[in-house]
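The values are calculated or read from the model by the stated rules, or taken from the named source; none is laboratory data. Remember, it's a predicted structure, so these values are computed and weren't measured experimentally. Cβ atoms come from the backbone with ideal geometry, glycine included; neighbour counts cover every protein chain shown. Quick note on the areas: whole protein, heavy atoms, side chains included, nothing else; ligands and nucleic acids left out. Shrake-Rupley method; radii C 1.70, N 1.55, O 1.52, S 1.80 Å.
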Amino acid sequence: MTDILVEREFMMRFVASLCAAAVIVAAPQPSFAACWTASEVAAARVRDFDTMLMVSALRCRHGDSKMLSKYNAMVKRSRAALVVGNTRLRARFASQGGQNAFDRYVTRVANRYGAGVDRLNCLSIASIADNALAAPATFAALDRLAMESAVDPLIEGQRCEPVLVFASIY
């Protein structure tokens, strides 16, 4: 009987210890680290996605005469969503040189796609453009399409990841 009580007390202390000791605090890294928030990463991903389609539409326009018109229709239809992303990026770069920093960033993104996308040919890009035209004209829909297209946004620095903090009372 004593062994059962000891084991029960041990288990109760163990469970109480886990409940009380494992305090998880999700906090962004300090702002001085200039990490990219999830919102900024999403904005960068949508910007990359838009740029990938734009540059690809220009590169592929001879093989598919409708590519450029598809891209332009997507931009016209999704203009408000694209503005949301650009506004987030402009805010990010405001303290890093303002418009000049934003322009340099946009140029670097475009240069990434100038030679094409290794994993995508013009037919694939046309399919992505069709999906963008068919999707809701929202920022979330464009971000989802960017993720589905495996767009890896150009970001310098770290992403703000949650920091897990564990504390123990024993």
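Across the range 115-150, the qualifying residues are those that are within 23 Å of LYS76 (Cβ to Cβ), over 17 Å from the mean Cα position of the chain (by Cα) and not aliphatic (A, V, I, L, M), and the one among them that is least open to solvent (accessible area, probe 1.4 Å) is SER124.
Each residue in the range 52-74 was checked for being surrounded by fewer than 21 Cβ atoms within 10 Å (Cβ to Cβ) and under 26 Å from GLU156 (Cα atoms), and 1 of them qualify. Any idea how many residues of the range 104-138 are farther than 16 Å from MET52 by Cα, modelled with pLDDT of 90 or more and not hydroxyl-bearing (Ser, Thr, Tyr)? Qualifying residue count for the region: 4. When only residues in the range 60-92 that are over 23 Å from ILE125 (Cα atoms) and in contact with an Asp or Glu (Cβ under 9 Å, 6 or more places away or on another chain) count, which is modelled with the highest pLDDT? Going through the qualifying residues, I end up with ARG88.
The set of residues in the range 86-103 that are open to solvent by less than 70 Å² (accessible area, probe 1.4 Å) and in contact (Cβ under 8 Å) with a residue 12 or more places away in the chain comprises ASN86, LEU89, ARG92, PHE93, PHE102. Of the residues making up the range 104-114, just one is open to solvent by 20 Å² or more (accessible area, probe 1.4 Å) and over 20 Å from ALA57 (Cα atoms), namely ARG104.
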